[in-house]
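Notes to accompany the following structure.
The values are calculated or read from the model by the stated rules, or taken from the named source; none is laboratory data. Computed from a prediction, not measured in an experiment: that's the story for all the values here. Note: ideal-geometry Cβ built from the backbone for every residue, glycine included; neighbour counts use all protein chains shown.
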Amino acid sequence: MGEVPLIGCSQCGTIHERVRLENGAVAACRRCGAELYRQSILTLNSWLALVVTGLVVFAIANLYPIATLRLQGMVVEASLPQALYLTWQQGHRTLSIMTGLAGFWMPLTQLVLVFWALSAVRSGRLPMDFSAGMRLLKWSEPWSMIPVLMLGILVAMVKFSGIALLTVGPATWAFAVLAFIMTALSRMSAHHLWHYAEDAGLVAVSGEGGVRQGVAQCETCGYLQPAGEASTDAGCQRCGAHVHVRKPHMFARVWALIIAACVVYIPANVLPVMGIRTPTGVSEHTILGGVIEFWRLGSWDLALIVFVASVVVPGTKLLVLILLMLRRRWNGASIQQQRTRQYEFINFIGHWSMLDVFVVILMTTMANFPGVSQVVAGPGAASFGMVVVLTMLAAASYDPRRGWDTAPGRSTAVVQAATLVDQPQQSGPIGAHDRATS
Ligand SMILES: [Zn+2]
Ligand SMILES: [Zn+2]
């Protein structure tokens, strides 16, 4: 042992040595500038404490009401599980499952698995099913959307402040704290946990035995292995997940998902996302209708937030993906770097479009005053959620490394030390030796 583990850049495929950095420092790719890994400021025990806090706060957020609403002598206590139950009862099952996964099950899975993995690394013994657990964590990470849900709670509350007497419940504060904890925990990804296990000597070190040419990186655990042995049938030598040199069938998959998203985008905007039942009748609201209503009521800031999240973000995402798919010729490293930044950007903004979907299901539980005023989800909400899911899947099926592969005279196995960013006093490469290409 004693070998420096190797790490492949997820954006361009360049292989680097994963050297230890100063606490809080970030290593960036030499070729494309993408973040490779960061050295955590927190110790393993601090991370564990944070996850335990997250689990407690998660329980409070789901056991207590988000808000208590009073209207004409009726009292409603709104909570997330109740919102999911009501949406299900009203027959919007897809919507209930989608928001239930993003707002409840995925965050819970993430918290439990990170706790389990950290405890295992701390004890120095990995359970047999560590790989399976980390595969599940890797899979659940992008679909856990607590910060989006928190913003949804704020928007729903503002919508209600004028209609009913609203008292903020303990769950709102819990969700606010949880949003911060989950944002911090997004750093404790499956890859990061594998790095911990590597550093503790519990698993095989990535790139062991000197991987040079024809390298495949496992997407789940980051393990670098010879590509010849990693065909579609063969699993990762470390975690057993499917390994591919590049994401398979990228063109067919991404285009199919883009087209599907464009098709669903029409009902998502034309059909009402929610209806309001009052004794005088039912009024239906589309996404754009909601934005216009906010604007008329003078809440231009909320109108802007909802407009950006629901209209600009999905539109931009589709457009950027289409451009990335169309312009694949090599136009130099700087253009390719811009494309890589665009891809990172659409991955970053992706799930924020779920905002309006969360607002709708929260409104169904907040405005549950039968006979006076009742909000029900509309068919547009599920379509809108599908647009978000489809664009996220499209982005996940796109392989940014293929763009870099088109570079003329590209060497396949450059192994370098990572460079530091965020620390200007140490901007040079670290690690005394740059391993040469074989
Ligand atoms: Zn890179
Ligand atoms: Zn693996």
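Of the listed requirements (1) over 23 Å from LEU362 (Cα atoms); (2) surrounded by 15 or more Cβ atoms within 10 Å (Cβ to Cβ); (3) in contact (Cβ under 8 Å) with a residue 60 or more places away in the chain, PRO107 misses just one: (1). Only one entry in PHE251, PHE294 is under 28 Å from THR391 (Cβ atoms), under 24 Å from the mean Cα position of the chain (by Cα) and among the aromatic types (Phe, Trp, Tyr), namely PHE251.
Conditions tested, residue by residue: (1) modelled with pLDDT under 85; (2) under 30 Å from GLY152 (Cα atoms); (3) within 16 Å of ligand 1 (Cβ to nearest atom).
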{"site": "ARG339", "(1), (2), (3)": "no, no, yes"}
{"site": "GLY350", "(1), (2), (3)": "yes, yes, no"}
{"site": "SER353", "(1), (2), (3)": "no, yes, no"}
{"site": "MET386", "(1), (2), (3)": "no, yes, no"}
{"site": "ALA394", "(1), (2), (3)": "no, yes, no"}
{"site": "ARG401", "(1), (2), (3)": "no, no, yes"}
{"site": "PRO408", "(1), (2), (3)": "yes, no, no"}
{"site": "VAL414", "(1), (2), (3)": "yes, no, yes"}
{"site": "HIS433", "(1), (2), (3)": "yes, no, no"}
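The criterion of being surrounded by fewer than 15 Cβ atoms within 10 Å (Cβ to Cβ), free of Cβ contacts under 8 Å to residues at least 12 places away in the same chain, within 16 Å of ligand 2 (Cβ to nearest atom) and not acidic (Asp, Glu) holds for ALA234. Listed here are the strands (runs of 3 or more DSSP E) enclosed by region 1-74 that have at least 3 residues being more than 16 Å from ligand 2 (Cβ to nearest atom) and touching a strand residue (DSSP E or B) at 6+ places or on another chain (Cβ under 8 Å): 26-28, 35-38, 67-71.
Any residue that is under 15 Å from the mean Cα position of the chain (by Cα) and surrounded by 17 or more Cβ atoms within 10 Å (Cβ to Cβ) - is there at least one of those in region 86-93? There is no residue in region 86-93 that is under 15 Å from the mean Cα position of the chain (by Cα) and surrounded by 17 or more Cβ atoms within 10 Å (Cβ to Cβ). Take the conditions among the hydrophobic types (A, V, I, L, M, F, W, C), touching a Phe, Trp or Tyr at 6+ places or on another chain (Cβ under 7 Å) and away from ligand 2 (no atom under 16 Å from the Cβ) and apply them to LEU95. Does it pass? So LEU95 fails the test. Evaluating GLY100 against the criteria (1) over 15 Å from MET363 (Cβ atoms); (2) surrounded by 22 or more Cβ atoms within 10 Å (Cβ to Cβ) leaves one unmet condition, (2).
Per-residue answers, yes or no, for (1) surrounded by 14 or more Cβ atoms within 10 Å (Cβ to Cβ); (2) touching a residue at least 24 places away in the same chain (Cβ under 8 Å):
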site	(1), (2)
ALA303	yes, no
PHE307	yes, no
VAL313	yes, yes
LYS317	yes, yes
LEU321	yes, yes
PHE345	no, yes
GLY350	yes, yes
SER353	yes, yes
ASP356	yes, yes
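The set of residues in region 269-284 being modelled with pLDDT of 90 or more and touching a Pro at 6+ places or on another chain (Cβ under 8 Å) consists of LEU271, PRO272.
Taking first residues from region 268-287 that are assigned to a strand (DSSP E or B) and partners that are among the basic types (Lys, Arg) and surrounded by fewer than 18 Cβ atoms within 10 Å (Cβ to Cβ), the Cβ contacts under 9 Å between residues at least 6 apart in sequence or on separate chains come to SER283/ARG277. Contact map, region 8-32: residues that are hydroxyl-bearing (Ser, Thr, Tyr) paired with residues that are more than 10 Å from ligand 1 (Cβ to nearest atom), Cβ distance under 9 Å, separation 6+ or inter-chain. Pairs shown: SER10/HIS191; SER10/GLN217; SER10/GLU219; SER10/GLY222; THR14/VAL414; THR14/VAL415; THR14/GLN416.
Is it true that ARG296 is without any contact (Cβ under 8 Å) to a residue 40 or more places away in the chain and surrounded by fewer than 18 Cβ atoms within 10 Å (Cβ to Cβ)? For ARG296, the condition - without any contact (Cβ under 8 Å) to a residue 40 or more places away in the chain and surrounded by fewer than 18 Cβ atoms within 10 Å (Cβ to Cβ) - is met. Here is a check on your reading of the model: is ILE153 closer than 25 Å to GLU77 by Cα and part of a loop (DSSP other than H, G, I, E, B)? So ILE153 does not fit the description; no.
Hey, does region 215-234 have a residue that's under 30 Å from TYR196 (Cα atoms) and aromatic (Phe, Trp, Tyr)?
Looking for residues that are under 30 Å from TYR196 (Cα atoms) and aromatic (Phe, Trp, Tyr), one finds at least one in region 215-234, hence yes.
The set of residues from region 207-225 being in contact with a strand residue (DSSP E or B) (Cβ under 8 Å, 6 or more places away or on another chain) and modelled with pLDDT of 75 or more comprises GLY207, VAL215, ALA216, GLN217, CYS218, GLY222, TYR223, LEU224, GLN225. Per the conditions (1) over 25 Å from MET363 (Cα atoms); (2) touching a Ser or Thr at 6+ places or on another chain (Cβ under 7 Å); (3) not basic (Lys, Arg); (4) not in a helix (DSSP H, G or I), the sole criterion not satisfied by MET188 is (2).
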